[in-house]
DNA sequence: GTTAGTCAATTCAAAAATTGAAGTGATGCC
DNA sequence: GGCATCACTTCAATTTTTGAATTGACTAAC
């Protein structure tokens, strides 16, 4: 199987990974959240090649994660902005950031998140909305739907 | 700049992305959370090639995300398990899952998360630990540290 | 005691993706 | 006119990934 078959999987993690699970795509999305909107800025702030940036922006637009918006008619210019679907990736980026802050950084975080509502510098946490408690790997149990379970058992036995 | 330069960036998101921001790595980590531990099972359940799986497992081990543990001496066999650093990626995987469930799936989620503490099927949320409220992109403001800010401004102006 | 099967890989060639440098075209500014 | 900006595109060289085949250490079955 190649990466291009991932979007057709049952697993929504696999599908999500197929849309945004690559290095440069995640960095483009990071930049979007830091209010970068123009081609040249993405280029310099991520350090990627213009060819690949162009491909990735097209892919992200086709997937509905970003949209191009004109900001000048003459010369024709436009900028890229996140759609709601794209903005909803905030949680993913923040999860990566918390993990990076914890495990990959000697110093303090280079990027603080301020909660506008309460004014605090915050480290967002995953919590269970039912009981309000923080939730981590060992507090959770995965339960597979029947079709997903069967699909996985078939894969295990099959050649 | 190539992907191999990402680990040396100041940004902890870039560093995190350098460690786990690729398709197959994320799927391997997903499998780990579904209690897959053996080479052959990763192979069949992710659909990746054995060559790449071997490379990725080595990389993950070198990064301290997983460790090899013998489970049989004769024949010599071992399995792969997440370290604490690896388990801490749970939030990232769950963030991807929630996003995938919301935007990429017509049906119900193929994978439910049960909160062992309270017994509920739960959709974990990012919340602000200070005020306890859910937090999303529009509730948050990014604040860059001085060195990070300067680094970015230099990139913007420089060729 | 040969044969088949399992597990955890490694090897290798072909195909695909990425990088890096250079070029394009529309326009504005001096 | 000449240079600069922005948003790309083109293309060759390099790197990665794929997919198939093979290896080697063993076990279990005939």
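Each value in this text was obtained by applying a stated rule to the coordinates, not by laboratory testing. Being a predicted model, the structure only gives us computed values, none of them experimental. Heads up, the Cβs are rebuilt from the backbone with ideal geometry, glycines too, and the neighbour counts pull from every protein chain shown.
Things worth noting here:
- Once C-alpha pairs closer than 8 Å and six or more residues apart are averaged by separation and normalised to the residue number of the stretch A:1-88, the relative contact order reads 21 percent.
- The shape of the protein assembly as shown can be summarised by an equivalent ellipsoid whose semi-axes, obtained from the alpha carbon gyration tensor, come to 32, 23, 20 Å from longest to shortest.
- Label-point spacing at residue B:131 relative to the other copies reads 2.6 nm, in ascending order, each point sitting 7 Å out from Cα along Cα→Cβ.
- Full-stretch length increase - residue B:150, residue B:78 - with 0.36 nm per residue and alpha-carbon distance subtracted: 21.2 nm
- Taking 20 Å as the cut-off, the amide N atoms of the stretch A:75-96 that come nearer than this to a point 7 Å along the Cα-to-beta-carbon line of residue A:61 belong to A:75-88.
- Fewest-first ranking of B:90, B:103, using other Cβ atoms within 10 Å as the exposure measure: B:103, B:90
- Placing a label point 7 Å from Cα along the Cα-to-Cβ direction at residue B:35 gives distances to the equivalent points in the other copies of 4.8 nm, listed shortest first.
- Its relative contact order, with pairs defined as Cα atoms under 8 Å and 6+ residues apart, puts chain A at 13 percent.
- Pseudo-label separations to other copies for residue A:59 - Cα-to-Cβ vector, 7 Å, nm: 1.5
- Over the stretch A:1-88, the alpha carbon radius of gyration divided by the compact-protein estimate 2.2 N^0.38 Å works out to 1.14.
- Separation of the stretch B:71-133 and the stretch A:126-159, taken as the distance between their Cα centroids, equals 7 angstrom.
- Part-to-part distance (alpha-carbon centres) for the stretch A:7-36 and the stretch B:1-40, which is given in Å: 13
- Rg and Dmax of chain B, both derived from C-alpha coordinates alone, stand at 19.1, 62 Å.
- Inter-label distance for residue A:54 and residue B:138, nm, one decimal - labels placed 7 Å from Cα along Cα-to-Cβ: 3.5
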